[in-house]
Structures are given as C-alpha cells and as structure tokens.
Amino acid sequence: MTLSATLLAMAALLATLAILLIGLKAIENRSRLHPELLRKGVHVGMGLVVLTLPWVFDRAWPVIVLAILACGTMVATRANRRLRSGIGTVVGGVGRDSLGEIYFPTAVTVLFLLSRGDWLLYVVPILMLALADAVAALVGVRYGLSQYRTSEGHKSLEGSLAFFMVAFFSAHLPLLLLTDTGRAEAVLIATILAFLVMMLECVAWRGLDNLFIPLGAHAFLRLYLSADTELLLFHLLVAVLLTAFALVWRHRRKLDDSALFGCALFGYTAFTLGGWLWLLGPVVFFLTVTLVWPRSTEDRPHTVYAMLASAAAGLGWLFAYSITGKGWLLVPFTGSFAAQLTLYGVARFGHQPDRGPRSLRLLGDIGLGWLLIQCPTLLIAFAGGLADGASNASGPDVPGLLSDLGLGLLATSLVAIIFYLLVPRIYGPPMREPAINPTFATLGTVASVVAGLRWLI
C-alpha cells in the first residue's frame, strides 16, 4: 500500500468518525434519547469502523497514528469547555467517571499489533466490544430489574445475560462460517469466551471494560482455538464451578458481586496457567476469610479493589510462571497469599481492638496464614517434585523445603509486625481508607519476595 493511499484511507476513517459524532450530536439536539443510548451509538459505530482495519492497512503505524489522534481528541474534549458541551455530551453524557473513550482506541491498537494479520483474533474481540457491551448496557437500562452490586454501583442480570448471548454469537458465527473449526468446538469455544468475557465486563470499572473485553477475548480465543472437545468441556466446567463456588458465599456480604466474579476469574486463571496446585492457596485464603472471621457488618462490603490488592503479588508471580515455566515461582506465589491471610487477620485489630490479648492474636494470625496456606501447598509441591530443584534421585530436597518454609514464616511474621504497627495510623481515628489497599498490595509483594529468597538470590 502506497503512502498516499495510506494517508487517504486514514483521512477517510477520521472523516467517518467525525460524521458519526456530528450525526449523533444532531440527534441528541432534536430528541431526548437516553445518554447511554447515544454513548453506545458511538460505541457501535466506532466498532464497525475499526472492524475494517486489518483489510485497510497492512502496517501498524497508521493504526497507531489514528489511535493517538483519537485519544488526543478525547482529551481535548474533556479539557475544553466548548467541546465538552458539544460532542462531549455524546461520548460522556452518562455522568460516570470513566476513561472508556481513551481505552477504546488503545485496545484497538493493541489488538491490531497482537493479531499480526490474523483477522479472526482481531474481529471476534472487536465484535464483542462493539456489540455485546452496547447491547448489555441498553438492555440493562431498559429492562434491568434484577440488580447485583459492583464497585461503582449496580448492574443488571438481564444486561449480563444479553452480553453473554451477543458475545456468544460474535464468536460462534465467525468460527463456524469462516474457519475450519468443528461444530462442537465452535460452540464450546464461543461459550467459554462469552462466559469469561461476561465476567470481565462485570468486574471492570471506570471504562476499563473497553480494555478488558477485547484483550480478554483475544487471549482466551488464542488459548482455545486449537483445543479439542474434551479439553474445552473440562475448562468450561471449571469456569462454571469456580463461579458457582464464589457466588455460594454471596449471602455473607464480605465481597460485592463484581469482586466475587473477580475471585472466580482469578481462580480460573490460576488453574489454567498453573494447574490445581496454584489454585490451592487462593481457595484456602477465600474460604478462611469467609469462615474464620465473623460475617461483615459493614454497609459497604469489600470491592474489586480489595480483591486486586490481595491478588496483585500472586498475579505477578503467576504470569511470570506462564512465561518462564519455572516451577519454583509457586513458592513466592504461595507466600503472597499466606501473608494476605495474616494481614487480613491483623486488620481486625483496627475493627475489634479489644478482643483478647494482642500478642496472642498476632501470633495466631501469623500461624494461620503460614499453616493453612504455605505449609500444605509446599509440602504437596515438594513431595511431588513440582518445583524446579525440589526433588532429586534420592527423593525430595528436605533441607530446601525446610528453608522455604522457614523463609515463609519469616516473611509472614515480618509483614504482620509492620502492618500491626501501621494499624493505628491507617484505621485511626480517623480512618484512612485510601491507604488500605495499597498497603495490602505492597506488604504482600514484600512477603512474596522474602518467601522466595532461596530461589531469587
């Protein structure tokens, strides 16, 4: 494609998007359409326009330039009062604190780069982003009666089911009609994609669904495109069971519904990338937090932010394992969840400062995380030789195992003491709520590094 043809195509795309925004603004001025309807009109229109990119451009730089121009326009719309009251009401008239209009072109560009000319890996995620998300929002606004709680308010069961159906057909029809994928495999792949991406949409906040939906759909489609029927059925069963397991505890109100979906997604990711042993620590943490401590009496339960703070360090080690295949990464991964369980117990000092001797409670919290998560997971791992260097010809490396267990206890004790000293500053009075999640994430990361020192140095 020549330079002049490329520039002409870029100009045509920009003109099409400008006409779309101006047209929707004219409709807004002449009618009283719901702001969500206008916003999703932009969503669908932009999605259908960018759907053509793999056939229009054979290089990445025009897409990158278009994304920069689009993001710049959206930033200018936010900053300039005249633009904000003009086309800005079409894009951001719903009144939510969202950066979705920035994430949209960013996601399109990343998808274009990741797809590397494979139209299927680009088209299916874009269809889900453009159609499923828009239909879900509109159905939720018009017919949403069964509400569930998220970090930013409420979403509807009807909207989520509409998302699932449209996402299913967005994947199933291209797979069935335009590829050599078998009928059964096409149905199963589309079902898994629709189910998992629906949960990503439930978890997303502040417009991040415009990133989570396409990138998640791309990752899962790439993962399962060559899988056989048995594997697909098994993974679908695991996803459904983990979601049901998380939702069973919904009545305890420890977590809001989007955080529960986030827990199920994390568990599925841990199982898919690492195997069942990588699922053990998160499941024990989830069960213990729910069962050992009393039911939460707070009006506002923990949100997806709290879930991410607890899982942040573990997620990093899990992705490192998926890239390197180093089994010893299970050690810091497990250490992070042992520390999180201990930190959760120590945090009770801020809510219930007078329940028993503090020294005994602190020792109990340290022992709880170490004994319930780190000890059983590492014992099973080393007995089965699942960590690199954990076994040799004569059997398990007992000194190495004892060293890892000792470092795990040290890590858990260290962060427990640090957090115990910080509790009066964080939980007050006055309570400094914005500091809680970053503190959990930071101390969990520190504990995981200390727990894995034998392997890291």
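The values are calculated or read from the model by the stated rules, or taken from the named source; none is laboratory data. None of the values given here were measured: they were computed from a predicted structure. Cβ: placed from backbone, ideal geometry, glycine included. Neighbour counts: every protein chain shown.
To keep it simple, each residue is scored yes or no on (1) of a type in the set (D, E, K, R); (2) assigned by TED's automatic domain parsing to the domain that holds Gly345; (3) at pLDDT below 90; (4) assigned to a helix (DSSP H, G or I).
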residue	(1), (2), (3), (4)
Leu223	no, no, no, yes
Leu231	no, no, no, yes
Cys263	no, no, no, yes
Tyr268	no, no, no, yes
Val283	no, yes, no, yes
Arg300	yes, yes, yes, no
Gly316	no, yes, no, yes
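When you check Val44 against the structure, is it surrounded by fewer than 19 Cβ atoms within 10 Å (Cβ to Cβ), part of a helix (DSSP H, G or I) and in contact (Cβ under 8 Å) with a residue 60 or more places away in the chain, yes or no? Steps first, please.
Values: surrounded by fewer than 19 Cβ atoms within 10 Å (Cβ to Cβ): yes; part of a helix (DSSP H, G or I): yes; in contact (Cβ under 8 Å) with a residue 60 or more places away in the chain: yes.
Yes, satisfied.
Tell me the residue from Leu273, Leu236, Leu215, Leu211 that is more than 16 Å from the chain's Cα centre (by Cα) and either among the β-branched types (Val, Ile, Thr) or assigned to a helix (DSSP H, G or I) (or both), please. Walk me through it before giving the result.
Numbers: Leu273 fails: more than 16 Å from the chain's Cα centre (by Cα); Leu215 fails: more than 16 Å from the chain's Cα centre (by Cα); Leu211 fails: more than 16 Å from the chain's Cα centre (by Cα).
Result: Leu236 is the single residue among Leu273, Leu236, Leu215, Leu211 that is more than 16 Å from the chain's Cα centre (by Cα) and either among the β-branched types (Val, Ile, Thr) or assigned to a helix (DSSP H, G or I) (or both).
Within region 418-445, which residues are without any contact (Cβ under 8 Å) to a residue 40 or more places away in the chain and either among the basic types (Lys, Arg) or within 21 Å of Gly367 (Cβ to Cβ) (or both)?
Within region 418-445, Ile418, Leu421, Leu422, Arg425, Arg432 meet the criteria.
Being assigned to a helix (DSSP H, G or I) and either at pLDDT below 90 or within 18 Å of Gly369 (Cβ to Cβ) (or both) is the requirement here; does Ser336 meet it?
yes
Which residues, counting only those in region 143-164, are surrounded by 16 or more Cβ atoms within 10 Å (Cβ to Cβ) and more than 21 Å from Arg250 (Cβ to Cβ)?
Ala162
For region 383-404, what are the residues that are farther than 18 Å from Ser448 by Cα, modelled with pLDDT of 75 or more and not in a loop (DSSP other than H, G, I, E, B)?
Ala383, Val398, Pro399
If you check Ile213 against the conditions, is it under 20 Å from Val304 (Cα atoms) and among the hydrophobic types (A, V, I, L, M, F, W, C)? First the steps, then the outcome.
Details: under 20 Å from Val304 (Cα atoms): yes; among the hydrophobic types (A, V, I, L, M, F, W, C): yes.
It is true that Ile213 is under 20 Å from Val304 (Cα atoms) and among the hydrophobic types (A, V, I, L, M, F, W, C).
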